[in-house]
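Down below is the structure, laid out as structure tokens.
The values are calculated or read from the model by the stated rules, or taken from the named source; none is laboratory data. Note that the structure is predicted; figures quoted are calculated from it, not measured. Virtual Cβ from ideal backbone geometry, glycine too; neighbours counted across all protein chains shown. Quick note on the areas: whole protein, heavy atoms, side chains included, nothing else; ligands and nucleic acids left out. Shrake-Rupley method; radii C 1.70, N 1.55, O 1.52, S 1.80 Å.
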Amino acid sequence: AKVAERRRTELHEAIEAAKRLDWKIHFVTLTIPHGLGDDLSEMKKLQQKALYKLSSGRNSVKSALLESDVEQHGYIRAYEVTHGRKNGFHPHFHILLFTSKNTTHKTVEGLYKSAWQKACVSVGLPKPSDQHGCTVQDGSKAAKYASKWGIEDEMTKANTKVAKKKGTTPWGLLKAALDGDNPDYPPEYAEGLFRVYSKCMTGARQLYWSNGLRTKLALAPELTDEQLAEKIT
């Protein structure tokens, strides 16, 4: 909780610094079609491959940006997993993208949507839908997306969020296993799902900052979770 709080503060500082620099802030969410019984580890592995293709190669967003008048200053990326009774594990990326002021959210969505669809198909994932595969919202007004939480909470506090449409977060699964009071997630079922999530995500990085972004925003160098925990204690 202490580490997540510090990460949240860093994101808040990044957003405020970007505003002072008059940058445009976009909140990009990338998802894939998924269903009950899909293997979380396999989805994560293929999503990482798709993400690599998204950032390099002929069909990448980077190539598309070079051909447009969009100047990308950097990004912060998070990987989040929720679970729904109807469609199973829902792994997805959140990207806080910083661009030149004249860039519209519609422009960013157009660049990312097509590139993400091509990247997913090329690695063997189902083609993301036009409606849900890529969404772009105003990153400077994130409260509209994340209810009372700001965007920094959407990015760093996935473990405590309440999932939508009768789904749950990993920590919601753990609570269901311990308390036994969730009819949609009986203790044994919830425990099994939490073990799957834990095995898949152990050691995974919560946030990734693009190279040079902290310097551009005049923020302190990034500390490891261990360093943060020691500093905060």
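Some notes on this structure:
- If only residues of the range 26-47 that are open to solvent by less than 60 Å² (accessible area, probe 1.4 Å) and of a type in the set (A, V, I, L, M, F, W, C) are counted, the one that is nearest to Pro128 (Cα to Cα) is Ile32.
- Selected residue (only one of Lys19, Lys53 is in contact with a Cys (Cβ under 9 Å, 6 or more places away or on another chain) and either farther than 30 Å from Tyr189 by Cα or part of a strand (DSSP E or B) (or both)): Lys53
- Where a residue in the range 173-191 is of a type in the set (Lys, Arg) and its partner, wherever it lies, is at pLDDT 90 or above and not in a loop (DSSP other than H, G, I, E, B), with Cβ under 9 Å and at least six apart: Lys175/Ala190
- Considered as a group, the residues in the range 107-140 that are open to solvent by less than 40 Å² (accessible area, probe 1.4 Å) and among the β-branched types (Val, Ile, Thr) include one that is farthest from Gly57 (Cα to Cα), and that residue is Val136.
This table checks each residue for (1) surrounded by fewer than 17 Cβ atoms within 10 Å (Cβ to Cβ); (2) closer than 30 Å to Thr169 by Cβ.
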position	(1), (2)
Val3	no, yes
Lys49	yes, yes
Tyr52	yes, yes
Phe89	no, yes
Lys101	yes, no
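- Yes/no for Asp22 being among the acidic types (Asp, Glu) and closer than 24 Å to Lys86 by Cα: no
- Within the range 186-219, the residues that satisfy the criterion of being farther than 15 Å from Ile76 by Cβ and either of a type in the set (A, V, I, L, M, F, W, C) or surrounded by 17 or more Cβ atoms within 10 Å (Cβ to Cβ) (or both) are Ala190, Leu193, Phe194, Val196, Tyr197, Cys200, Met201, Ala204, Ala218.
- Taking the criterion of being open to solvent by less than 60 Å² (accessible area, probe 1.4 Å) and of a type in the set (A, V, I, L, M, F, W, C), the residues of the range 172-185 that qualify are Leu173, Leu174, Ala176, Ala177.
- The range 206-230, subset farther than 21 Å from Glu16 by Cα and free of Cβ contacts under 8 Å to residues at least 24 places away in the same chain, residue farthest from the chain's Cα centre (by Cα): Glu230
- Check on Leu97, within 26 Å of Gln227 (Cβ to Cβ) and surrounded by 16 or more Cβ atoms within 10 Å (Cβ to Cβ): no
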